[in-house]
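Undergrad: Sharing a structure here in structure tokens format.
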Amino acid sequence: MIKEYSADNIRNVVIVGHSVTGKSTLFEAMLYLGDKIEKMGNRDSATLVSDYDADEKEKKMSIRSALGFIEIEGVKINILDTPGKIGFIGESRGALQAADAAILVVDSVDGVQIQTESNWRYLEENKIPRIIFVNKMDKERADYDKVVQGIKTSFKSKFISICLPDGEGENFKGVVDIIDMKLMTPREGGKGVTVSEIPGDLKEIADLEKSSLMELAAEGDDNLIEKFLNEEKLTDDEIKLGLRVQLEQAKIVPIICGSSEKLIGVMNLIMKIKNFAPSPRLGAEYTGIEPGDSKKEIKVKGDASGFFSAVVWKTYIDQYAGRFNYLKIISGSLIHDTDVYNGNKQVKERISKIYTLIGNKIVEVPKLNCGDIGVVVKLDRTATLDTLSDIKHPVILDILKFPRPVFSYAVEAKNKSEVDKVGQFFHKIMDENPTVKYEFNAETKESVLSGMGEMQLDIILNALKDRNKLEVITKEPRVAYRETVTKKAESQYKHKKQSGGHGQYGEVYFRMAPLSRGTGYEFINAIVGGVVPKNYIPGIEKGVIEAMLEGVLAKYPVIDVAVELYYGSYHDVDSSEMAFKIAARHAFKLGMEAAGPQLLEPVMNVKVYVDKVYMGDILSDITSRRGRVLGMEDAQESGGSISVVKAHVPLSELLRYTIDLRAMTSGKASFEMEFSHYDPISGKEAEKIIEKRKVELVEEANK
């Protein structure tokens with residue numbers, strides 16, 4: 001069991017970056033140098049601490065985020081390793097929201113890549129302090145200066161190189177620490193560092209970097225800037241103060257280099273995290289709601305002495321060990337053998353023991369204080385995004401945000417008797433990962449599995465088959481089209497039925513008209529003189545609403561239509577609410593047929609982040625998908641190689657876009673989408689949709 005740590009002595013850092021930049025090896029190296037693992041593993045032998053899941057070992061790639069920690073000079077550094085593939089961005093986003101600073105890993109040859117850009121955008125938008133680690137400096141063709149220049153060209157920030165490489169490629173031996181002005185080379189075996197004087201060929205450039213560092217550091221404090229302007233030299237302690245203040249405010253970005261595999265520069269990085277990365281921010285105020293009453297706001301302050309509250313930023317369900325919930329303590333503290341309240345599920349949960357992890361190895365901790373990260377196990381109902389809080393002070397904190405799914409399969413159990421088992425499996429996955437959605441679409445009558453990409457969903461489906469012996473049939477999901485009207489029309493229908501005893505009678509006259517897109521529906525009661533009694537009006541409106549569930553073109557729901565009831569007739573004995581409801585349904589259908597029915601398709605707001613070299617291909621492709629380009633701009637204000645294309649594209653044209661975009665750009669693009677509006681569709685496209693719909697309706701009827 002390790003000791004407890006207060007917020008001042010905690011650093012929460014997340015390792016992010018493009019895939020194959022050595023993030024997991026850096027995680028491994030930090031744990032090794034922090035004496036938490038006996039020897040370093042590697043990806044080829046499937047022995048990395050962070051890649052402990054069976055899928056990760058098999059595919060030799062990170063799929064899930066991983067937690068580890070080291071203790072150094074009285075400080076606990078929680079380290080979160082994340083996948084680099086876009087399909088697993090939810091793991092990365094959850095970890096980024098749990099951490100207080102980021103290590104953005106950049107390859108020494110490839111420099112800034114598409115996921116470097118994506119992570120940078122997120123870090124900028126959320127003002128997360130970051131250090132850039134230029135990794136694999138031992139790699140052939142490594143070029144530190146070129147990579148640093150590429151970083152400065154691509155991103156807008158104040159960058160400061162606080163180390164220099166001693167050699168590059170196979171000649172890479174150590175790093176020069178610009179703050180201490182010393183050369184640091186690892187001792188034999190990797191542990192320990194030999195500190196020596198800076199080689200002569202690096203001394204001049206080191207002095208220049210120290211001057212730049214001093215100038216930037218001075219901007220962190222009024223007294224320091226005054227001293228600098230008076231041409232007085234700042235002491236190393238003053239430089240460190242200036243750096244610490246500005247890094248905490250995300251105003252500067254230090255750049256460090258090294259080789260995680262060769263353990264060069266890694267201890268330098270660890271010490272920079274310990275000395276400069278911010279502690280968990282106490283005093284921040286969060287707005288939550290009371291469980292069961294979303295209108296009642298509750299303020300929660302990040303205070304060590306406050307009532308306990310924590311958010312679940314990740315869940316991992318092991319087939320044998322059960323459910324692991326990863327917590328970030330927002331306020332107060334958590335001790336073992338405690339009852340807490342899950343506000344989202346409105347249930348009490350029992351915390352028996354508290355742990356931290358090194359990969360999947362559990363390490364018991366006595367207590368988690370405000371700002372710390374830890375793990376609780378075997379909670380019955382708790383899942384990612386849930387809030388745990390003090391029993392007497394329940395709260396729901398909606399402070400975690402995850403990207404929306406962009407790729408979907410319609411799934412159907414191969415064996416009808418296994419439908420429930422398949423659903424249970426997918427719901428377990430949803431508990432783990434909020435970027436995965438599984439739900440039944442009542443309109444299309446399909447169960448739809450959605451996620452961040454084909455790879456993510458295929459891994460889930462393979463696990464379903466290999467480990468649970470369950471199989472599903474997959475296909476492209478149906479698109480939920482709509483129908484509307486294009487002109488004004490009138491209709492009338494009399495429902496009259498006599499079958500002995502009381503009959504059925506109701507007559508209605510409608511005026512129908514189109515409404516502006518997105519308005520929905522409007523029912524207008526224009527009856528005068530009591531030709532239709534008031535007590536029958538609700539039944540007529542119900543009939544209209546029911547009729548709108550199926551249009552006249554392809555039985556899609558009807559939207560954006562106004563229905564005015566202006567005349568009708570009734571019978572003293574035979575009229576009833578049901579009779580008028582039936583009359584309204586028929587009158588609506590007749591009116592819609594006369595009012596120029598039209599098919600509508602869902603259109604999405606799309607943002608494509610892409611290297612400028614592929615811009616022409618992207619624009620041409622969007623046009624071929626019946627899309628409309630709204631604009632283009634640099635992803636960063638300062639320019640760079642990545643641009644964002646904004647467009648409106650029909651959803652039906654985006655069902656395979658993740659696959660097509662990857663093929664078109666060699667994986668060097670990403671996109672986001674969300675629903676925008678419905679647009680009319682006519683001509684041959686509408687005819688194809690209507691014919692396809694007829695086939696679907698026949699298939700459904702025959703099931």
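The values are calculated or read from the model by the stated rules, or taken from the named source; none is laboratory data. The structure presented is a predicted model; accordingly, all values stated were derived computationally and were not measured. Heads up, the Cβs are rebuilt from the backbone with ideal geometry, glycines too, and the neighbour counts pull from every protein chain shown.
Undergrad: Among the residues in segment 49-57, are any crowded, with 24+ Cβ neighbours inside 10 Å and assigned to a loop (DSSP other than H, G, I, E, B)?
TA: Scanning segment 49-57, I find at least one residue that is crowded, with 24+ Cβ neighbours inside 10 Å and assigned to a loop (DSSP other than H, G, I, E, B), so the answer is yes.
Undergrad: If I filter segment 575-587 for residues that are part of a strand (DSSP E or B) and either touching a residue at least 12 places away in the same chain (Cβ under 8 Å) or under 45 Å from the mean Cα position of the chain (by Cα) (or both), do I get at least one hit?
TA: yes
Undergrad: Only one of these conditions is not met by Glu197: (1) loosely packed, with under 15 Cβ neighbours inside 10 Å; (2) in contact (Cβ under 8 Å) with a residue 24 or more places away in the chain; (3) closer than 25 Å to Leu243 by Cα; (4) touching a Leu at 6+ places or on another chain (Cβ under 8 Å). Which number is it?
TA: With (1) loosely packed, with under 15 Cβ neighbours inside 10 Å; (2) in contact (Cβ under 8 Å) with a residue 24 or more places away in the chain; (3) closer than 25 Å to Leu243 by Cα; (4) touching a Leu at 6+ places or on another chain (Cβ under 8 Å) applied to Glu197, the lone miss is (2).
Undergrad: Another one. Are there any pairs with C-beta distances below 6 angstrom linking a residue in segment 172-187 that is surrounded by fewer than 21 Cβ atoms within 10 Å (Cβ to Cβ) to a residue that is among the basic types (Lys, Arg), with the two at least 6 apart or on different chains, and if so which?
TA: Cβ pairs passing all conditions: Thr185/Lys173.
Undergrad: For the structure I just gave you, tell me whether Val613 is β-branched (Val, Ile, Thr), closer than 30 Å to Lys156 by Cα and in contact with a helix residue (DSSP H, G or I) (Cβ under 6 Å, 6 or more places away or on another chain).
TA: The answer is no for Val613.
Undergrad: Please name all residue pairs, on different chains or six or more residues apart, with Cβ atoms under 8 Å, provided the first residue is in segment 679-703 and is over 27 Å from Asn605 (Cβ atoms) and modelled with pLDDT of 90 or more and the second residue is surrounded by 14 or more Cβ atoms within 10 Å (Cβ to Cβ) and of a type in the set (A, V, I, L, M).
TA: Lys694/Ala554
Undergrad: To continue, here is another question. Does Gly94 fit the bill of being of a type outside the set (D, E, K, R), assigned to a loop (DSSP other than H, G, I, E, B) and crowded, with 20+ Cβ neighbours inside 10 Å?
TA: Spelling it out, it is not the case that Gly94 is of a type outside the set (D, E, K, R), assigned to a loop (DSSP other than H, G, I, E, B) and crowded, with 20+ Cβ neighbours inside 10 Å.
Undergrad: Name every residue in segment 1-21 that is closer than 12 Å to Val105 by Cα and assigned to a loop (DSSP other than H, G, I, E, B), in order of residue number.
TA: His18, Ser19, Val20, Thr21
Undergrad: Quick one: what pairs do we get from segment 359-387, first residue farther than 26 Å from Lys36 by Cβ and assigned by TED's automatic domain parsing to the domain that holds Lys314, second surrounded by fewer than 17 Cβ atoms within 10 Å (Cβ to Cβ) and not basic (Lys, Arg), C-beta under 8 Å, 6+ apart or different chains?
TA: Here the result reads Asp380/Val347; Arg381/Val347, each pair linking segment 359-387 to a residue that is surrounded by fewer than 17 Cβ atoms within 10 Å (Cβ to Cβ) and not basic (Lys, Arg).
Undergrad: Picking from Glu204, Glu238, Glu290, which residue would you name as being acidic (Asp, Glu), out of contact with any helix residue (DSSP H, G or I) (no Cβ under 9 Å at 6 or more places or on another chain) and touching a residue at least 12 places away in the same chain (Cβ under 8 Å)?
TA: Glu290
Undergrad: Collect the residues in segment 474-530 that are assigned to a strand (DSSP E or B), surrounded by fewer than 18 Cβ atoms within 10 Å (Cβ to Cβ) and over 49 Å from the mean Cα position of the chain (by Cα), keeping them in residue-number order.
TA: Across segment 474-530, the qualifying residues are Gln492, Lys494, Lys496, Lys497.
Undergrad: Kindly indicate whether any position in segment 118-139 is surrounded by fewer than 22 Cβ atoms within 10 Å (Cβ to Cβ), among the basic types (Lys, Arg) and within 25 Å of Ile270 (Cβ to Cβ).
TA: The answer is yes; a qualifying residue exists.
Undergrad: Against the condition touching a residue at least 60 places away in the same chain (Cβ under 8 Å), out of contact with any strand residue (DSSP E or B) (no Cβ under 8 Å at 6 or more places or on another chain) and either of a type in the set (Ser, Thr, Tyr) or not assigned by TED's automatic domain parsing to the domain that holds Ile317 (or both), how does Ile459 come out, does it pass?
TA: In short, yes.
Undergrad: Could you tell me whether Tyr409 is of a type in the set (Ser, Thr, Tyr), assigned to a strand (DSSP E or B) and in contact with a helix residue (DSSP H, G or I) (Cβ under 9 Å, 6 or more places away or on another chain)?
TA: yes
Residues are listed down the side, and each one gets a yes or a no for (1) aliphatic (A, V, I, L, M); (2) in contact with a helix residue (DSSP H, G or I) (Cβ under 7 Å, 6 or more places away or on another chain); (3) surrounded by fewer than 16 Cβ atoms within 10 Å (Cβ to Cβ); (4) assigned by TED's automatic domain parsing to the domain that holds Lys555:
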{"site": "Asn415", "(1), (2), (3), (4)": "no, no, yes, no"}
{"site": "Asp420", "(1), (2), (3), (4)": "no, no, yes, no"}
{"site": "Phe426", "(1), (2), (3), (4)": "no, no, no, no"}
{"site": "Val436", "(1), (2), (3), (4)": "yes, yes, no, no"}
{"site": "Thr444", "(1), (2), (3), (4)": "no, no, no, no"}
{"site": "Gly451", "(1), (2), (3), (4)": "no, yes, no, no"}
{"site": "Met455", "(1), (2), (3), (4)": "yes, yes, no, no"}
{"site": "Leu464", "(1), (2), (3), (4)": "yes, yes, no, no"}
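Undergrad: Among the residues of segment 64-79, is any on the phi < 0 side of the Ramachandran plot, buried (at least 19 other Cβ atoms within 10 Å of the Cβ), of a type outside the set (S, T, N, Q) and assigned to a loop (DSSP other than H, G, I, E, B)?
TA: Yes, there is a match, as at least one residue in segment 64-79 is on the phi < 0 side of the Ramachandran plot, buried (at least 19 other Cβ atoms within 10 Å of the Cβ), of a type outside the set (S, T, N, Q) and assigned to a loop (DSSP other than H, G, I, E, B).
Undergrad: Next question, about the same structure. Out of segment 300-314, which residues are hydroxyl-bearing (Ser, Thr, Tyr) and either buried (at least 20 other Cβ atoms within 10 Å of the Cβ) or not in a loop (DSSP other than H, G, I, E, B) (or both)?
TA: The answer is Ser309, and nothing else.
Undergrad: Count, please, the residues in segment 345-373 that happen to be closer than 20 Å to Gly306 by Cβ and outside any strand (DSSP E or B).
TA: Residues that pass the stated criteria total 4.
Undergrad: Moving on to the next point. I'd like to check something: does segment 670-691 contain any residue that is surrounded by 14 or more Cβ atoms within 10 Å (Cβ to Cβ) and at positive phi?
TA: No, there is no match, as no residue in segment 670-691 is surrounded by 14 or more Cβ atoms within 10 Å (Cβ to Cβ) and at positive phi.
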